[in-house]
Structures are given as structure tokens and as C-alpha cells.
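Here the structure is laid out as C-alpha cells; the discussion comes afterwards.
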Amino acid sequence: MHGDYEPIIFNTPNCFSEIEVYVISDLHMGSAQFDEVMWQRAKEEIMSQPNRYCVFIGDMMENAVPGSKSDVFTQVATPLMQREWVAQQFTDLADRIIAVTDGNHERNRSYKLAGLYPNYDAAIIAGIEDRYRPHFAICDIGVGTRDKDHSQQVRYVLYLVHKGKDGKGANTALATSGVDVVCMGHTHAPLSMPRAQLTYNPINKVVSVKTVELVNGGSWCKYDDYAVDNGYLPNSQQKIKLVLHGGTKQLETVGFYM
């Protein structure tokens with residue numbers, strides 16, 4: 001298994017003037033609230049264009065086990081069936097997946113109870129184990145070619161972590177240096193919040209402001225059962241994708257609905 005501190009270097013074809021990266025977290029396959037119809041539409045959309053990619057940021061499975069908050073009696077598939085389903089999704093999207101990391105539904109259940117990594121197993125089955133990281137992932141993505149030097153690609157750095165912070169005082173984006181985008185999940189609430197850091201270049205003695213995008217991909221769950229019983233408000237069904245441009249470094253966050 002590759003360690004978290006080993007970056008994922010992912011170069012897309014030079015002919016793409018831009019790529020789209022779909023930020024996917026909190027599918028919760030196995031929960032009765034998982035909206036598989038909506039997921040299949042998104043999957044088909046990703047596969048419909050060659051310059052579309054995706055990152056998976058945990059809680060692919062509901063993975064209810066004895067003693068967990070999730071109800072083992074109401075999940076619609078066993079943990080084994082859920083892992084097999086995830087493996088099939090990874091297989092179908094193998095050449096589009098930039099990175100996979102775990103969420104609390106995988107880590108706090110399968111791993112803590114039995115030392116198992118279901119997303120890693122699914123990644124091995126799909127042949128993308130080199131793109132799996134257990135806790136967080138640093139993704140160094142090459143897009144197109146630079147306007148000033150066509151021998152080099154434009155580079156974008158994404159930091160993926162399931163549980164992030166988005167508070168005003170201190171958050172994951174401010175604590176993570178050298179990245180362009182922080183992608184997270186867990187809260188089920190879609191988010192696109194640009195943050196900023198002061199940076200100092202000791203070579204040219206210049207202080208500048210660097211923007212860091214903080215995004216949350218939202219969830220793929222219907223509003224029912226657990227959320228209602230615990231008094232949560234409905235979450236927006238908006239999803240988030242990134243548009244990364246070649247030529248000159250420029251990125252956009254795009255909200256969309258399926």
C-alpha cells in the first residue's frame with residue numbers, strides 16, 4: 001500500500017486544453033438513502049467526454065457493522081456486496097480516476113474492527129491500487145502544455161481528505177501549503193469557498209497572496225431516515241467539479257445538478 005505522503009502524479013494528454021475533475025464523496029452505497037439513479041447519470045456523464053476525470057474522497061460504502069451508528073438491519077446490501085459494487089465502479093472508471101481515499105465509514109468500521117481496507121481492495125481489483133491513499137492524497141495533475149514552454153504541462157495540486165474544516169478562523173485550506181485546491185467530504189453539504197494564504201518567495205524577495213480553493217463534493221443520499229431522525233436539515237443536491245486549464249494556469253469551481 002502506498003503511503004499518504006507519496007504524491008500521486010497524474011498527467012493527462014497534452015492535447016486537452018482543459019480537463020474537468022468531478023469531486024465525489026459520500027455515496028453511501030448500501031444505505032437505503034443512496035440515490036443510485038443519480039450516481040449512474042453522473043458516471044455516464046464523466047465517461048461521455050475524454051477530458052473528464054474524478055476523485056473519490058471516502059464513504060463510498062454505508063458499511064454498517066454491529067455497534068456503528070448506521071443500522072445493520074436497514075442497509076440494503078451486505079458490506080461484501082458493497083465492496084464488490086465499489087470495485088465495479090472503480091473498474092468502469094479506472095482510466096478516469098485520479099485518486100481514491102477513505103472516509104470514516106470505511107476507516108472507523110472495517111479497519112478499526114478487523115484491519116481491512118475495502119476501498120483499497122476495490123482499487124486492487126480495478127488495477128488502480130497506485131492511486132489509493134488511506135488517509136489523505138496529494139495529487140499533482142498535469143494539463144495541456146504551457147503557453148511559454150510547450151515541453152511542460154501546467155501543474156495543479158489537489159489535497160484530498162474526507163474530514164476537513166471550513167471555519168473562518170482556521171481550516172484545512174489554510175493549514176495545507178503548496179496546494180491549489182482542497183477537496184473534502186463528510187458533511188454532505190456542497191461547498192465552494194476560495195481562501196487565501198500569504199506566501200513569501202525567498203528567491204525574488206516577493207510577498208504575494210495565493211488563493212486556495214476549498215470544495216466539498218456534497219453527498220449522493222436522499223433526505224430520509226438517519227438525517228430526519230437526527231434532526232438534520234436537507235442538504236442541497238448540488239455537486240461540484242473543477243475545471244483545470246492548460247496554457248496558462250487557471251482553475252474554476254462549477255456547481256451542477258444531476
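Each reported figure results from applying straightforward, stated rules to the coordinates on display, with no laboratory input. The shown structure was predicted, so the numbers you read here are calculated from the model rather than taken from an experiment. As a convention, Cβ positions derive from the backbone with ideal geometry for all residues, glycine included, and neighbour counts pool all protein chains shown.
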Filter the stretch 1-34 for residues that are over 23 Å from Arg107 (Cα atoms) and of a type in the set (Val, Ile, Thr); which is nearest to the chain's Cα centre (by Cα)? Val21
Do any residues in the stretch 203-215 that are touching a residue at least 60 places away in the same chain (Cβ under 8 Å) and surrounded by 12 or more Cβ atoms within 10 Å (Cβ to Cβ) have Cβ atoms under 7 Å from those of residues that are of a type in the set (S, T, N, Q) and part of a strand (DSSP E or B), where the two are at least six apart or on different chains, and which pairs are they? Val215/Ser192; Val215/Thr253
If a residue counts only when it is without any contact (Cβ under 8 Å) to a residue 12 or more places away in the chain and closer than 15 Å to Lys239 by Cβ, which strands (runs of 3 or more DSSP E) contained entirely in the stretch 1-73 have at least 2 such residues? none
Hey, does the stretch 226-245 have a residue that's on the phi > 0 side of the Ramachandran plot and touching a residue at least 12 places away in the same chain (Cβ under 8 Å)? no
For residues that are of a type in the set (A, V, I, L, M, F, W, C) and surrounded by 15 or more Cβ atoms within 10 Å (Cβ to Cβ), scanning just the stretch 222-242, find the one that is farthest from Cys54 (Cα to Cα). Ala227
State all residues of the stretch 1-34 that are buried (at least 18 other Cβ atoms within 10 Å of the Cβ) and closer than 30 Å to Asp225 by Cα; if no residue qualifies, say none. Tyr22, Val23, Ile24, Ser25, Asp26, Leu27, His28, Met29, Gly30, Ser31, Gln33, Phe34
Working only within the stretch 197-254, note down all residues that are basic (Lys, Arg) and outside any loop (DSSP other than H, G, I, E, B). Lys210, Lys239, Lys241
For the stretch 35-63, which positions are under 24 Å from Asn108 (Cβ atoms), of a type outside the set (S, T, N, Q) and over 17 Å from the mean Cα position of the chain (by Cα)? Asp35, Glu36
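Taking only the stretch 134-149 into account, find how many residues are among the aliphatic types (A, V, I, L, M) and either farther than 17 Å from Pro13 by Cβ or surrounded by fewer than 18 Cβ atoms within 10 Å (Cβ to Cβ) (or both).
First, pick out the residues of the stretch 134-149 that are among the aliphatic types (A, V, I, L, M): 137-138, 141, 143.
Those left that are additionally either farther than 17 Å from Pro13 by Cβ or surrounded by fewer than 18 Cβ atoms within 10 Å (Cβ to Cβ) (or both): 137-138.
Residues in the stretch 134-149 being among the aliphatic types (A, V, I, L, M) and either farther than 17 Å from Pro13 by Cβ or surrounded by fewer than 18 Cβ atoms within 10 Å (Cβ to Cβ) (or both): 2 in total.
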Please find, among Val154, Val181, the residue that is under 17 Å from Ile98 (Cβ atoms), surrounded by 12 or more Cβ atoms within 10 Å (Cβ to Cβ) and over 16 Å from the mean Cα position of the chain (by Cα). Val154
(1) out of contact with any helix residue (DSSP H, G or I) (no Cβ under 6 Å at 6 or more places or on another chain); (2) in contact (Cβ under 8 Å) with a residue 24 or more places away in the chain; (3) not in a loop (DSSP other than H, G, I, E, B) all hold for Ala189 apart from (3)
